[in-house]
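Notes follow once the structure below has been shown.
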Amino acid sequence: MAFTLPNLPYDKSALEPVIDGRTMEIHHDKHHAAYTDKLNEAIKGTRWENETIESILASLDQLPEDLQGPVRNNGGGFYNHKLFWTILKPQSEGGGTIHAGDLIDTIAKYFGSLDDFKAAFKEKATGQFGSGWAWLVATSSGSLEVCSTANQDNPLMPESHGGCSSKRIPILGLDVWEHAYYLNYQNRRPDYVDEWWKVVDWRRVETNYYDAVATLS
Ligand code: MN3
């Protein structure tokens, strides 16, 4: 087995009332588990079994054609959710709190202010038709951009295979599939986006930014 479903770094109900425990349970134990299993099935016995998920997704266009679809959907699903759990934190442990420092300066530099960034990100999240993700990505020059992708596509993938544009590493992502919010918010995706900021682990996002810039340079 090449890839393992990661454990959640907090209790399933720890993100309440923003994200309810039942949603977390189904999301992690069923959806993320299924993406992981199907990814492993798809690459079993191939040389891709020994690659990192990042490298697999970045070279999606070089996979055998019959593997591209399953790996795009399930490899994307595996990677996206793995990132998603780690950029969330219970409010009681500091989720939602953004500390003064480099990342907030960098956000201000590229978006004007934190509020301007949140507005731009929300536009991507609510404007994504149907299922998908909204992203904050780092570029090789250290700049920040927002983008969105359909289904389980993500910014690491080649642009021809669903990615945002070349050489982008996601440092923050929001799942806007209905399975991520429907029990609590039903059709009110904009409310889900607004509430979600309360459980973002900004310290982790900042770490992701520096890691991304180091990887890209
Ligand atoms: Mn999901």
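Which residues, taken from region 137-163, are crowded, with 21+ Cβ neighbours inside 10 Å and in a loop (DSSP other than H, G, I, E, B)? Selection gives Gln152, Asp153, Asn154, Pro155, Leu156, Met157, Gly162, Gly163. Here are the criteria: (1) touching an Asp or Glu at 6+ places or on another chain (Cβ under 9 Å); (2) more than 22 Å from Pro90 (Cβ to Cβ). Tell me which single one Gly112 does not satisfy. Status for Gly112: all satisfied but (1). Here is the figure for region 60-99: residues that are among the polar types (S, T, N, Q) and within 16 Å of the ligand (Cβ to nearest atom) total 4.
For Asn187, the conditions (1) in a helix (DSSP H, G or I); (2) touching a helix residue (DSSP H, G or I) at 6+ places or on another chain (Cβ under 9 Å) all hold with the exception of (1).
Listed conditions (1) surrounded by 14 or more Cβ atoms within 10 Å (Cβ to Cβ); (2) on the phi > 0 side of the Ramachandran plot are all met by Gly112, apart from (1). Of everything in region 183-209, what is over 15 Å from Leu83 (Cβ atoms) and free of Cβ contacts under 8 Å to residues at least 40 places away in the same chain? Give them in sequence order. Matches in region 183-209: Tyr185, Gln186, Asn187, Arg188, Asp191, Tyr192. Among all positions in region 43-59, there is no residue which is within 14 Å of the ligand (Cβ to nearest atom), surrounded by 18 or more Cβ atoms within 10 Å (Cβ to Cβ) and of a type outside the set (Val, Ile, Thr). Scanning region 128-150 for residues that are without any contact (Cβ under 8 Å) to a residue 60 or more places away in the chain and small (Gly, Ala, Ser) yields Gly130, Ser131, Gly132, Ala134, Ser141, Ser143, Ser148, Ala150. Hey, can you tell me all the residues within region 11-33 that are surrounded by fewer than 18 Cβ atoms within 10 Å (Cβ to Cβ) and away from the ligand (no atom under 11 Å from the Cβ)? Asp11, Ser13, Glu16, Pro17, Asp20, Gly21, Arg22, Glu25, Asp29, Ala33 - these are the residues of region 11-33 that are surrounded by fewer than 18 Cβ atoms within 10 Å (Cβ to Cβ) and away from the ligand (no atom under 11 Å from the Cβ).
Throughout, read-outs are computed from the coordinates displayed, never taken from laboratory work. Given the structure is predicted, the values throughout are model-derived calculations rather than measurements. Counting neighbours? That spans all protein chains shown, and the Cβs are built from the backbone with ideal geometry, glycine included.
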